[in-house]
Amino acid sequence: MAGRTDTKHGGGAAAVALAVALAVALAVVLAACGSGGDGSAATRDTVPPNVVPERASAWTSITVTSADGRRAEVPTTMFSKASPLLTGRLFDSPEPLASYGLDAPAATITYRGTNRVRTILVGKVNFDGHGYYVQRKGDPRVFLVPADQLEPLLDLVR
Amino acid sequence: MTRRLVVGAVIALVLVVANVAAASTRAQVDLSANRRFSLSPETRAVVKAVRQHLKVTAFMNDTGGSARDARFLLARFHELNRHIDYEIVDPDERPSEARRFGITSYATVVVQYRGRRADAPQVTEPDLATAILRLLRARTPTVCVTTGHGEASLDDDGPSGLSKVATLLEQNAYRAATLDLARGGDVPSSCEVVWVAGPRVAFTPAETDALVRYERAAGKVLVLASPLSEANVNPLLEPYGMTFLGGVVADPDRSASVDPTDVVAEDFPTANPVMDGIPRLQLPVTGGFLTQPADETPSGLTVSRLAVSSAAAWIESTPDAGFSRDAGDVPGPVVLAAAADDSRVEAGAERRVGSGTPRPGIVRTRVVATGSAEWPTNQLLDRLGNRRLLVGSLAWLTQEEELLTVATRLPGSRPLPWTAERQRETLFVTVGLVPGLVVLAGVASFVWRRRRQPA
Amino acid sequence: MIAGRELRSAFGTAFGFGLVAGFLAFAGLLLVLALRAGAARLDDWFAWLFIATGVLAPLLAMRTLADEERAGSLELLLTSPVRTAEVVGGKLLGVVSLFVLLVIGTLVCPWLVARMGNPDAGPIVTGYVGLVLVGVAFLSVGLAASAATANQLVAAAASAGLLLALWFGAGIADGLGDGAVRTVLRYLSPSTHVTGFLRGTLAAGDVAYFVSLAVVGVYAAVAIVEARR
């Protein structure tokens, strides 16, 4: 009898410990989404944040300025193209910014809202032309934004 | 205690020996599709022949499943021969590396050996082995491109030019040369492949004769025919069971755009290695071919229908009058690309080292013909499988596939678009239904046991 | 009989059913995460299940011998006409059977993927073979730890610590440059031996490794129990 009770209590403790362990493991997996599972150094992209996450309604003006000083106000009908500005990929910039054209950006996009401002630096096109390298001002990370999202904005100053 | 130690030591020794033996044999059972992680004996022979440092650089998104597979496969090459190093480079993350190598598409693989370079279109065993073999052969086949008849130019980097082809040839250890037959004479013997690159005006009789002589003498010819051309390429094709028909192919069921003449080819009814790994082709403004059936071709001649249109296609005989299928048109399915191999024994074709006496040997004439001259131009070379068609054609024409097992068609990626509906279904079944059934079983078991217990 | 008792003990309480249900739900969540990549492949899913096995095995094994010792029934078992090796073997069989039941329950996951897409079957087969091999090996290590102490949680912590040290040995080895020590440390790490299972291959070296780890674990458990008698 005592053995059975002990087993029961032991079973209960084990169940709790197991549940906690599984929950911890789940949290680790969800948070890290770490190694590719094969011991390689590959890191998985989690879903990257959008370069400009706000909706179009957050902004009162969006201005595009080219490197040579040409400036254009984005028409309000195009705000939805400019914001949210979706991210294709996100890098921690292992190469110097010059590789991405972000040492001397080709264009700057300034978003102004009631009590916020965002400045986006636009660099070079990627190797196959399907995206532009982009940085948020003050953020060292490099984003890759689909070219078809940025082209209409950049066309305003070309 | 002593006995336990001795037994433990013996067990440890046995395990070490067993592990060393198992690891050194490299024996494995490969259950993956097409056994894609096991190297064939031919590939092993090629890999073992590498004597100096060989570097494989694969340009791909390094976070995806393809990159993991690529690393695993490249590790097999490295295990077999430590001279072979590899690296996966993400061309988006390292654009300067991509620029340095002239990379323009994902999954390009650059193989470098002894100062030479050969590119492979994918990280697969046959592609890698072919690239390594090409470098090991230490010869650079010359591809002679006809000129002087309105052909596109290798120096032209406009949309209709062939500058990308020039780069591709260089990156695949070929040498490009122009072939100007207007000056008279024969095709130089240094030309391993002659590329009739979509002439717009007709060849002179002397030029045609020179090409035919070259072809007959075990020549290798790539013919880009075109319905827009005045040149008659059939003297190069008819002796080998192929005929280029006039007219423009319209395939409303398979076109890249609303224009039915911008044909997308998906049917490749052939085992010819030219078409290995090609999912689809874009062949705009293409004419069609007639090919001799196998039972009507002379002995030694093999004609392959490389690409075929859908059954809804037709060859429009009067394209100027618009595209509508009528009685005068040739109905589909239409052959859009074809290849021929004419192998025959010729006296004196082979001369062995150490013996001055020529012996009979096998000579091969190979011809690849496409009905469109547009597909390898700068604006279309990177569409669908066009680039791969060019690389495959050149490899087959130069007989580089001979030492390797003919590659089976490899499975493409296995996409599973992840929709909200699929997520709901998966969560319902795996998190709700099945665990719920287990819990129910537990409850039922508990209730049943309670009922069985005496009061 | 000992194995049967282990299974009955697990399913005689809420523990067994709760464990199976919880693990299946966990596997389902992992499946959703893995399939977000948009490909009909399960290598990520199996990779995470290998890690989950590393967490689960110490917890499943901790009760096997430690619990018996704490309850005073281990002595009874060992003085019965059953050899120590048979006791340990029976315990291992019982806990492995429970693990295999968990693994069988996860078959619903590849079945779902096969319904929705066209996965390569080879890596699924080798993934499961690998999972069972990894489970048996890790459970054997847990069994040895359970034999060394009457405290379940100490047993779990010890085996988890040992498995973690082995697993991350490969990472430490990479910092040691080329050499025999690096080669040995890499070989001793389970992480080096699971990659093949994820790709669809069963390499003799990988199978030998996990079988050896299981043999070492079982022998250690037998030796520890006999030494503590």
To make sure I understand the rule: partners must be lysines, Cα under 27 Å from the Cα of C:K91, and not fewer than 8 residues away in the same chain. Which ones qualify? A:K8
How about A:K124: which lysines have a C-alpha closer than 22 Å to its C-alpha, ignoring those fewer than 8 places off in the same chain? A:K81, A:K137, B:K164
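Accessible area per residue of the protein assembly as shown at 1.4 Å probe, in Å²? Could you put the intermediate results ahead of the total?
Numbers: 37160 Å² over 842 residues.
Computed with neighbouring chains in place, this is 44 Å² per residue.
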Restricting segment B:196-249 to chymotrypsin sites (Phe, Trp or Tyr not before Pro) in coil, as DSSP defines it, with at most 11 other Cβ within 10 Å: none
Keeping all protein chains in the complex and leaving out DNA, RNA and ligands, what accessible area do you get for A:D103 with a 1.4 Å probe, in Å² to the nearest 10? 100
Expressed as an acute angle from 0 to 90° and rounded to the nearest 10, what is the orientation of the C-alpha long axis of helix B:205-216 relative to the principal long axis of chain B? 40
Spelling it out for B:D156: with amide H atoms placed in the peptide plane at 1.01 Å from N, the residues 5 or more places away or on another chain with amide H under 5 Å from its amide H are B:L162, B:S163
Counting only other chains, what is the mean number of Cβ atoms within 10 angstrom of the Cβ of each residue in peptide B:16-26? 4
For chain B, the longest principal axis of the Cα atoms and the Cα long axis of helix B:125-136 enclose an angle in degrees, to the nearest 10, of 60
Interchain or sequence-distant (5+) residues whose placed amide H lies within less than 5 Å of the amide H of A:D128 are none
Coordinate range along principal axes, alpha carbons of segment B:265-387, Å, largest first: 64, 34, 25
Semi-axis lengths, Å, the protein assembly as shown, gyration tensor of Cα atoms, sqrt of 5 times eigenvalues: 60, 35, 26
Students often check this: by mean Cβ neighbours within 10 Å, which of A:114-122, C:195-203, B:380-388 ranks highest, and how do the rest follow? C:195-203, B:380-388, A:114-122
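Scale the Cα Rg of segment B:20-151 by the rule-of-thumb value 2.2 N^0.38 Å and send over the ratio, two decimals. Each step should come with its number before you reach the end.
Values: Rg = 16.6 Å, N = 132, 2.2 N^0.38 = 14.1 Å.
Cα-based Rg divided by the globular estimate yields 1.18.
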Taking Cα atoms of segment B:87-159, Rg/Rh with Kirkwood Rh, to two decimals? 1.05
Take every Cα pair under 8 Å in segment B:284-352 that's 6+ residues apart, average their separations, divide by the length, and report that relative contact order as a whole percent. 40
Could you work out what % of the accessible surface of chain B is carbon and sulfur, using a 1.4 angstrom probe and leaving DNA, RNA and ligands out of the count? 55
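Expected output is a single nm value to one decimal: the length gained when fully extending between B:E238 and B:A75, i.e. 0.36 nm times separation in residues minus the C-alpha distance. What is it? Don't skip to the answer; put the middle values down first.
Numbers: separation 163, 0.36 × 163 = 58.68 nm, distance 4.74 nm.
Gain in length upon complete extension: 53.9 nm.
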For A:K137, the accessible surface traced by a 1.4 Å probe with all protein chains present amounts, in square angstrom to the nearest 10, to 150
What angle do you read, to the nearest 10 degrees and between 0 and 90, between the alpha-carbon axis of helix B:2-25 and the longest principal axis of chain B? 10
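The values are calculated or read from the model by the stated rules, or taken from the named source; none is laboratory data. In this text the structure is predicted, and so the values were computed from the model without any measurement. Ideal geometry is used to build each Cβ from the backbone, glycine not excepted, and the neighbour counts take in all protein chains shown. These accessible areas exclude ligands, DNA and RNA; they are computed on the full protein's heavy atoms, side chains included. Shrake-Rupley method; radii C 1.70, N 1.55, O 1.52, S 1.80 Å.
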